[in-house]
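See structure below.
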Amino acid sequence: MGKHVVHFSCRHCGHCCRDVVCLPTPHDVIEIVRRTKRNPYHFIEFLTPDEIDNVPDWDPTWLECNGDRYIMALHRDKKGCFFRNKRTSFCEIYEHRPLLCRLYPFRFHETRQRKYKGFSLHSDVGCPRERDNAVETKPLHDLFVKDQTNQEDYNHLVAAFNRRNGSKKSPTEFIRTFIDGDFDENSELVEVVSKRNGKTHQKS
Ligand code: SF4
Ligand code: SF4
């Protein structure tokens, strides 16, 4: 584990874009749409528990709709992520890719007192984990903290969605709770973020 640097070098093998399901936060989705003008209804899919491994039952981002459960993911096909260019294998939205993609395969560690300890490489991933380069941990730490905050917003948003009733509720509707055309200030995500920042937000 490294406090200031972590030893790693990406070999661009493509595993993390081809074989791994990416679970973006609503903040990630908004960033992609804002910056790339892609249609979220095209690049998002909702997976059922039997379609994804390693997401525990208690994960707070499971959406509940009429007795079924779904989790939001970047759409994939047999060749991998929606954004993986099938000819070049590069990410088509690299500058605006989700934080999870930026943090792979790094693992954050902290003490029992929740003080920062450093980063290592996840041991249970298919990345070759070559270690012949030194990556500074400060940018990783900043990304991790940002992702944590985004995840908390995501959890609140899912909780609000799951409290809604309605026999016609579908997981696709979840997209509308944080993204609506030009991301107007009526989105529930704006309300969640405003509350977190101690501001009041009036829905019009
Ligand atoms: S968004 Fe880009 S970096 Fe992330 S999994 Fe898809 S292709 Fe890979
Ligand atoms: S799996 Fe590891 S080596 Fe392969 S592209 Fe992803 S980060 Fe790079």
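Bear in mind these aren't lab numbers, they're just calculated from the coordinates by the rules spelled out. Note that the coordinates shown come from a computational prediction; the quantities given were computed from them, not determined experimentally. Neighbour counts run over all protein chains shown; Cβ positions are idealised from the backbone, glycine included.
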Scaled radius of gyration (Cα, divided by 2.2 N^0.38 Å) that the stretch 56-132 gives: 1.45
Full-stretch length increase - residue 86, residue 133 - with 0.36 nm per residue and alpha-carbon distance subtracted: 14.1 nm
Exposure proxy order (Cβ contacts within 10 Å, fewest to most) of 78, 138: 78, 138
Net lengthening on full extension, residue 64/residue 13 (0.36 nm per residue, minus Cα-Cα): 14.8 nm
Degrees between helix 26-36 axis and first principal axis of the chain (Cα, 0 to 90, nearest 10): 80 degrees
As computed over the stretch 129-174, the Cα convex hull volume per residue (Å³): 103 Å³
Interchain or long-range residues, amide H under 5 Å from residue 121's placed H: 107
Radius ratio Rg over Rh of the chain, counting only Cα atoms, Kirkwood formula for Rh: 0.97
Percent RCO, i.e. relative contact order, over the chain, from Cα pairs under 8 Å lying at least 6 residues apart: 31 percent
Charge dipole of the stretch 1-100 about the Cα centre (unit charges at C-beta), most positive-ward option of 4, 44, 89: 89
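What net charge is computed for the residues neighbouring residue 57, neighbours being all others with C-beta under 14 Å from the C-beta of residue 57, Lys and Arg scored +1, Asp and Glu -1?
Combined, the nearby Lys, Arg, Asp and Glu give -4.
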At 1.567 mPa s and 4 °C, Stokes D of the stretch 4-82 from Kirkwood alpha-carbon radius, µm² per second: 90 µm²/s
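Taking every pair of alpha-carbon atoms in the stretch 50-100, give the share separated by more than 15 Å as a whole percent.
Details: 758 of 1275 pairs.
Above the 15 Å cut-off, the stretch 50-100 has 59 percent of its Cα pairs.
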Residues 9, 120, 167 arranged by fewest to most Cβ contacts within 10 Å: 167, 9, 120
Rounded to whole Hz, the Karplus (6.51, -1.76, 1.60) HN-Hα couplings of the stretch 140-155, x for glycine and proline: 5, 4, 4, 5, 4, 4, 4, 5, 4, 4, 4, 5, 5, 4, 4, 4
Spacing of the two label points (7 Å from each Cα toward its C-beta) at residue 55 and residue 94, in nm: 2.8 nm
